[in-house]
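First up is the structure itself, then whatever we jot down about it.
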Amino acid sequence: MDNPWEWRYSTPFTQLLYGEVSKPSDISQLDYFVYAAKFQPTFPILMTIIALYLLILVGYLLLKKEDNLLDLYISLLGISLLLLSYFVFNSSTFGGRIFFFIFLTSGILCSAFVLKRIINLKLMKNQN
């Protein structure tokens with residue numbers, strides 16, 4: 001983030017919220033995460049995987065008795081992850097490509113989980 005020429009490409013949230021970046025102190029913390037994800041992705045990847053795990057765990061613990069709401073929650077999470085993978089699809093950096101695969105894989109797994117649950121529920125209804 002020391003190079004002002006990189007700010008245009010690595011500070012999307014600051015530019016969206018506050019406009020033009022003129023000095024390093026104008027950059028938001030979220031943009032530091034974006035920069036780290038692009039160029040030094042190890043810890044942002046770990047943070048993202050742990051955050052996804054926590055989102056799924058909390059959703060499961062809160063909605064485990066409500067099958068339809070749990071399916072809806074996991075479906076929305078899967079769609080959100082697939083959309084995120086679309087937004088980082090054309091990334092030219094190593095970290096961006098890794099995030100694309102993490103979001104894509106997680107979105108597909110969430111979708112597959114919901115489809116499996118729906119198929120199992122329909123099969124159980126047909127047996128009764």
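The values are calculated or read from the model by the stated rules, or taken from the named source; none is laboratory data. What you see is a predicted model; the values in this text were computed from it and never measured. Quick reminder, even Gly has a Cβ in these numbers, built from the backbone with ideal geometry, and neighbours come from all protein chains shown.
What to note about this one:
- Inter-residue pairs, beta-carbon under 7 Å, first closer than 19 Å to F103 by Cα and in region 22-45, second in a loop (DSSP other than H, G, I, E, B), 6+ apart: D31/T11; Y35/M1; K38/T93; F39/T93
- Qualifying residue in region 61-69 (condition: surrounded by 16 or more Cβ atoms within 10 Å (Cβ to Cβ), modelled with pLDDT under 95 and touching a Ser or Thr at 6+ places or on another chain (Cβ under 9 Å)): no
- Of the residues examined, S22 is one that is surrounded by fewer than 12 Cβ atoms within 10 Å (Cβ to Cβ) and of a type in the set (S, T, N, Q).
- Candidates I74, I98, filtered to the one that is touching a Phe, Trp or Tyr at 6+ places or on another chain (Cβ under 8 Å), buried (at least 17 other Cβ atoms within 10 Å of the Cβ) and not assigned by TED's automatic domain parsing to the domain that holds Y32: I74
- The residue pairs whose first member lies in region 97-116 and is touching a residue at least 12 places away in the same chain (Cβ under 8 Å) and among the polar types (S, T, N, Q), whose second member is surrounded by 19 or more Cβ atoms within 10 Å (Cβ to Cβ) and part of a helix (DSSP H, G or I), and whose beta carbons are closer than 6 Å, counting only pairs six or more residues apart or on different chains, are S106/L81; S111/G78.
- All positions within region 79-98 that are aromatic (F, W, Y) and modelled with pLDDT of 90 or more: Y86
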